[in-house]
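The values are calculated or read from the model by the stated rules, or taken from the named source; none is laboratory data. It should be emphasised that the depicted structure is a prediction, and the values quoted were computed from it without experimental measurement. For neighbour counting, all protein chains shown are included, and Cβ atoms are generated from backbone atoms with ideal geometry for every residue, glycine included. These accessible areas exclude ligands, DNA and RNA; they are computed on the full protein's heavy atoms, side chains included. Shrake-Rupley method; radii C 1.70, N 1.55, O 1.52, S 1.80 Å.
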Amino acid sequence: MTTPFDSPNPKVDSINMRVELEKFVLPEIAGTSIYNRVVSIADRLHSYLNEPKTLARINEVNQPGNSSAKVQDVFLQFAEKLGFESEKKGLFKDSGLALRPDYFCRVGDTGILLEVERGKTTINNMDLLDFWKCHLCGAANHLFLMVPLALRQNPTMSPRKEFATVSRRLNQFFEPGKGTNVHSLCLFGY
């Protein structure tokens, strides 16, 4: 897989870039109607993210110094068409914590939190914070997490393999005996 950061000229290899998607699910949830709906939404979002026009926009904003908000802006309208609401309030009222997700989508009697990270993904453990938020959220048992495939904090820095690191870290929660209230994770690497 070629990422924009594998080349000294990121624009050259952006044509070969694709958004990756890894799915993790607790065994007892796999195959349920809710999980099938969650996967359908993930697959539709994944297809949209891999459209050439969308990939070009992601590559344009996924640059050192830019925030995750710029990445979110690339697909916000499409996510809203899928049923996501931006920064849904009140989802954590039972926890007593002032938390909000980037986006929330109701699916049956549960929901999906959608979180987008960029510069602080593993440096500040934002991937773990997002997973913890989903674990605490009584209204959502499914997490869509978007992280960079490779991250450069500045133009001269060697890229950090964020997607692979997050995959290794969060996969642990889906091993037998280590379950949480997060029934599934769809990890997108952009």
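Pick from region 24-55 the residues that are in a helix (DSSP H, G or I) and charged (D, E, K, R): which of them is most open to solvent (accessible area, probe 1.4 Å)? Residue satisfying both the conditions and the ranking: LYS53.
The lone criterion from (1) modelled with pLDDT under 90; (2) touching a Phe, Trp or Tyr at 6+ places or on another chain (Cβ under 9 Å) left unmet by LYS93 is number (2).
Elements of the type strands (runs of 3 or more DSSP E) sitting completely within region 83-153 and holding at least 1 residues that are surrounded by 21 or more Cβ atoms within 10 Å (Cβ to Cβ) and more than 12 Å from the chain's Cα centre (by Cα): these cover 103-107, 110-116.
Residues are listed down the side, and each one gets a yes or a no for (1) free of Cβ contacts under 8 Å to residues at least 12 places away in the same chain; (2) more than 22 Å from ASN171 (Cβ to Cβ); (3) small (Gly, Ala, Ser):
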residue: LEU21; (1), (2), (3): no, no, no
residue: ASN36; (1), (2), (3): yes, no, no
residue: ILE41; (1), (2), (3): no, no, no
residue: TYR48; (1), (2), (3): no, yes, no
residue: GLU60; (1), (2), (3): yes, yes, no
residue: PHE92; (1), (2), (3): no, yes, no
residue: ASP127; (1), (2), (3): no, no, no
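Of the residues making up region 126-148, those that are more than 16 Å from THR180 (Cβ to Cβ) and either of a type in the set (Val, Ile, Thr) or out of contact with any strand residue (DSSP E or B) (no Cβ under 6 Å at 6 or more places or on another chain) (or both) are MET126, VAL147, PRO148.
Quick one: how many residues across region 70-82 are open to solvent by less than 50 Å² (accessible area, probe 1.4 Å), not in a loop (DSSP other than H, G, I, E, B) and not aromatic (Phe, Trp, Tyr)? Number of matching residues: 5. If only residues of region 154-169 that are open to solvent by less than 50 Å² (accessible area, probe 1.4 Å) and either of a type in the set (Val, Ile, Thr) or in a helix (DSSP H, G or I) (or both) are counted, the one that is nearest to MET17 (Cα to Cα) is PHE163.
Is it the case that some residue within region 13-23 is at pLDDT below 90 and open to solvent by 80 Å² or more (accessible area, probe 1.4 Å)? Yes, because at least one residue in region 13-23 is at pLDDT below 90 and open to solvent by 80 Å² or more (accessible area, probe 1.4 Å). Annotation: ILE58 fulfils all but one of (1) open to solvent by 80 Å² or more (accessible area, probe 1.4 Å); (2) under 14 Å from the mean Cα position of the chain (by Cα); the unmet one is (1). Within region 170-190, at least one residue is surrounded by fewer than 23 Cβ atoms within 10 Å (Cβ to Cβ), among the aliphatic types (A, V, I, L, M) and modelled with pLDDT of 95 or more.
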